[in-house]
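First comes the structure, then the notes that go with it.
The numbers here are math on the coordinates, done by the rules we state, and not lab data. What you see is a predicted model; the values in this text were computed from it and never measured. Here Cβ is always computed from backbone atoms with ideal geometry, including for glycine, and neighbour counts include all displayed protein chains.
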Amino acid sequence: MTALSLIGFGEAGQAFALGAQWRAAARAFDIKTDAAETRAAKQADYRHAGVRGVEGIAAALDEATLVLSLVTADAALTVAATASVHLAPGALFCDMNSIAPQTKCAAADRITAAGGRYLDVAVMAPVYPAQMAVALLVSGPHAGEGAAALAEIGFTNVRVVGEAVGRASTIKMLRSVMYKGMESLTAECLIACARAGVTDEVLASFGDDWATGADYRLDRLMVHGLRRAAEMGEAAKTLEGLGVAPLMTRGTATRQAEIGALGLNPPPESLHAKLKRLSA
């Protein structure tokens, strides 16, 4: 099997490792093992997935032929720069992070200069429940080879969208403008509704199934708000690169960060319980 390494072992890394049952065939490193307060929990994540947890990026990348970078948006470029020092010649580096095309191009320059093959990979939906069936878009000069390698390790929904680094990430970022914007707009609307005492009336005006969707969007905000705020900063950069002022997207990032910083993880179970916490 491909010598596989994962840099970052959060929700996505764990979802993929468990879904594909890579177990000891995969090595993983997550920066949370560097901090005393999070080390034990992250090592438990390695054990639960059965992967080989290692100390540091150098150990993770030793002789790896395929690397999945699955870190937060604000760490993606730093990880690419660090990985470039330790990457085996010809290794495929799959940058699966939610970052702007400009950031991916900068990361690609580092990997390519070191002799690696860079892949711009966009994860187009939440990794649960899809896991290995999650939609992946791949672009870059080595996209064909990269798509084949991703299929080899178990991904079943991979599509090549072009030969230019940044094309896959552009699609992802512009989609996030809408989807992550809806999360923040939902929170803003319903927090105000809760304070005004009109939540049920407003929800009813949207339609029968809207409350379920709203509950899910608030869940994502509470659990992943800080990570999503960093992603929306990258979305804003994408818009600016296209000459579009990111007026709404900057607000989305602010709302995501505000709710994520509350530390409501796990979130309250019901929509009304969530709103009670958020509108206090």
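Could you please state, rounded to a whole Å, how far the C-alpha centre of segment 75-128 is from the C-alpha centre of segment 133-170?
When both Cα centres are located, 13 Å separates them.
Any idea what Rg and Dmax come out to for the chain if you just take the C-alpha atoms, in Å?
Answer for the chain, Rg first and Dmax second: 19.4, 61 Å.
Sort the following peptides by mean Cβ neighbour count (other Cβ atoms within 10 Å, averaged over residues), highest first: 262-269, 122-129, 81-88.
81-88, 122-129, 262-269
Could you grab the relative contact order for segment 52-110? Cα pairs under 8 Å, six or more apart, rounded to a whole percent.
Relative contact order of segment 52-110: 41 percent.
Determine the calculated [θ] at 222 nm for the chain from helices alone, applying -39500 (n - 2.57) to every DSSP H run no shorter than 4 residues and normalising by the residue count; nearest 500 deg cm²/dmol.
Computed ellipticity for the chain at 222 nm equals -18000 deg cm²/dmol.
Any idea what the relative contact order of the chain is, in percent, if you count C-alpha pairs under 8 Å spaced at least 6 apart?
14 percent
Take every DSSP beta bridge whose two residues both sit in the chain, then give the antiparallel share in percent to the nearest 5.
The antiparallel proportion sits near 15 percent.
Counting alpha carbon pairs within less than 8 Å and at least 6 residues apart, what relative contact order, in whole percent, applies to segment 169-242? Could the numbers behind the result be given before it?
Values: 29 pairs, mean separation 40.6, N = 74.
Rounded, it is 55 percent for segment 169-242.
Taking only the Cα atoms of segment 169-278, how large is their convex hull per residue, in Å³?
Working: hull volume 10.8 nm³, N = 110.
It comes to 98 Å³ per residue, whole-number rounded.
Once you order the gyration tensor axes a ≥ b ≥ c over the Cα atoms, which shape class does segment 4-164 get: rounded for a/c under 1.5, otherwise prolate or oblate by comparing a/b with b/c?
Because a/c hits 1.5 or more and a/b fails to exceed b/c, segment 4-164 counts as oblate.
Run the simple label-point estimate for A151 and A25 please: 7 Å along Cα→C-beta, distance reported in nm.
1.6 nm
How far apart, in nm, are two points set 7 Å out from the Cα along the Cα-to-Cβ line at V202 and at A130?
About 3.0 nm, to one decimal.
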